[in-house]
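A quick write-up on the structure given underneath.
The values are calculated or read from the model by the stated rules, or taken from the named source; none is laboratory data. Given the structure is predicted, the values throughout are model-derived calculations rather than measurements. Every residue, glycine as well, gets a Cβ built from its backbone with ideal geometry; the counts of neighbours run over all protein chains shown.
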Amino acid sequence: MQLEIPLPAVQLAAVNAKKAGVPVILDPAPVRDIPSELYPLLDIITPNQLEASQLVGFAVDGIETAQQASAVLQQRGVSTVIVKLGDRGVCCTTASETFFVPAFSVQAVDTVAAGDAFNGSLAVALAGGQSLRQAVLWGAAAGALAATKAGAQPSMPNQETFTKFLKERGIR
Ligand SMILES: Nc1ncnc2c1ncn2[C@@H]1O[C@H](COP(=O)(O)OP(=O)(O)OP(=O)(O)O)[C@@H](O)[C@H]1O
Ligand SMILES: [Mg+2]
C-alpha cells in the first residue's frame, strides 16, 4: 500500500492482512504522520530519503543516517525498513542485519516512479518466495530500468525487459 489512499483504509487493510497472515509493505508516499498503531502492523516500510527524514525528524542523506532512521522506525514497531537512496541504491535493515544494495549503473532519463517500480518488483519477488536480499536486488533492477524511461506508468519495465536486464547484469 501507499498513502494516496485514506489512512483509515490503509489501517483497516493492514489489520485484516495481519489476521490473515499476509505480509504488509507500506510505501509512505506522499509522506504524512503515520499513527503509532499502524507501525506494528507493517512488515516492511519503504521510504525514500525525504520521506524517511520527515517520519523521523532528522535529515536522512546517506547510509549512516538511513540506518539511524531505520532504528527509529523499528522502535515504533516496523520489522524491516528499506530506505530508497535514489541513484545511490538501497539501505535495508531487518531485525538481525543491515545491508546495502548499490544502484545499478544506467543512463538515467527520468527517475519518476523508480520507487514504484522498486516496490512492485520487491513485492513480486517476496510473493514468489525469493529471499529479502534477492527481492531488494530485483527492486533495485526495476527501479534502475524505470529511470531509463520517461514518465511513470510507461517507464515500468515488463517481464521480458526485466529478465533480459538481470541476465545482462549477471543476476539470476
Ligand atoms: N538514477 C538511477 N540509477 C539507477 N537506479 C536508480 C536511479 N534512481 C532510482 N534508482 C533505483 O530505484 C530505487 C528507488 O528510487 P528512488 O530512491 O528515487 O525512489 P522514490 O523517491 O520513491 O521514487 P518515486 O517516488 O519517484 O517513484 C533506488 O533505491 C535505486 O535502487
Ligand atoms: Mg516514492
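Number of residues in region 132-161 that are basic (Lys, Arg) and either outside the structural domain of residue 115 (by TED's automatic domain parsing) or within 14 Å of residue 119 (Cα to Cα) (or both) equals 1.
Here region 102-122 is the region considered, the condition is being out of contact with any Lys or Arg (no Cβ under 8 Å at 6 or more places or on another chain) and not small (Gly, Ala, Ser), and the residue that is nearest to residue 145 (Cα to Cα) is 106.
Per this entry, residue 116 is not counted among residues that are near ligand 1 (Cβ under 9 Å from one of its atoms), surrounded by fewer than 17 Cβ atoms within 10 Å (Cβ to Cβ), among the acidic types (Asp, Glu) and not in a strand (DSSP E or B). For region 64-95, filtered to residues that are of a type in the set (A, V, I, L, M, F, W, C) and surrounded by fewer than 15 Cβ atoms within 10 Å (Cβ to Cβ), the residue that is nearest to ligand 2 (Cβ to nearest atom) is 71.
Could you list, in sequence order, the residues of region 41-96 that are without any contact (Cβ under 8 Å) to a residue 24 or more places away in the chain and among the acidic types (Asp, Glu)? Write out each step before concluding.
First pass over region 41-96, keeping only residues without any contact (Cβ under 8 Å) to a residue 24 or more places away in the chain: 50-51, 53-54, 56-61, 64-65, 68-69, 71-72, 74-75, 95-96.
Within region 41-96, 51, 61, 64 qualify.
Name the single residue that is nearest to ligand 2 (Cβ to nearest atom) among those in region 128-172 being assigned to a helix (DSSP H, G or I) and of a type in the set (Ser, Thr, Tyr). Ranking the candidates gives 155 first. Given (1) more than 19 Å from residue 63 (Cβ to Cβ); (2) charged (D, E, K, R); (3) surrounded by fewer than 17 Cβ atoms within 10 Å (Cβ to Cβ), where does residue 133 come up short, assuming only one miss? Condition (1) is where residue 133 drops out. Residues of region 41-63 that are more than 15 Å from ligand 2 (Cβ to nearest atom) and either over 15 Å from residue 78 (Cβ atoms) or over 17 Å from the mean Cα position of the chain (by Cα) (or both): 57, 58, 59, 61, 62, 63.
When we screen 108, 125 for residues that are under 18 Å from residue 48 (Cα atoms) and surrounded by 13 or more Cβ atoms within 10 Å (Cβ to Cβ), the only hit is 108. Scanning region 98-135 for residues that are hydroxyl-bearing (Ser, Thr, Tyr) and under 10 Å from the mean Cα position of the chain (by Cα) yields a count of 1. One residue is enough: does region 9-25 have a residue meeting the conditions surrounded by 19 or more Cβ atoms within 10 Å (Cβ to Cβ), within 19 Å of the chain's Cα centre (by Cα), more than 13 Å from residue 82 (Cα to Cα) and within 16 Å of ligand 2 (Cβ to nearest atom)? Yes - at least one qualifying residue is present in region 9-25.
Based on this model, can you work out whether residue 125 counts as within 16 Å of ligand 2 (Cβ to nearest atom), in a helix (DSSP H, G or I) and not acidic (Asp, Glu)? No: the conditions fail for residue 125.
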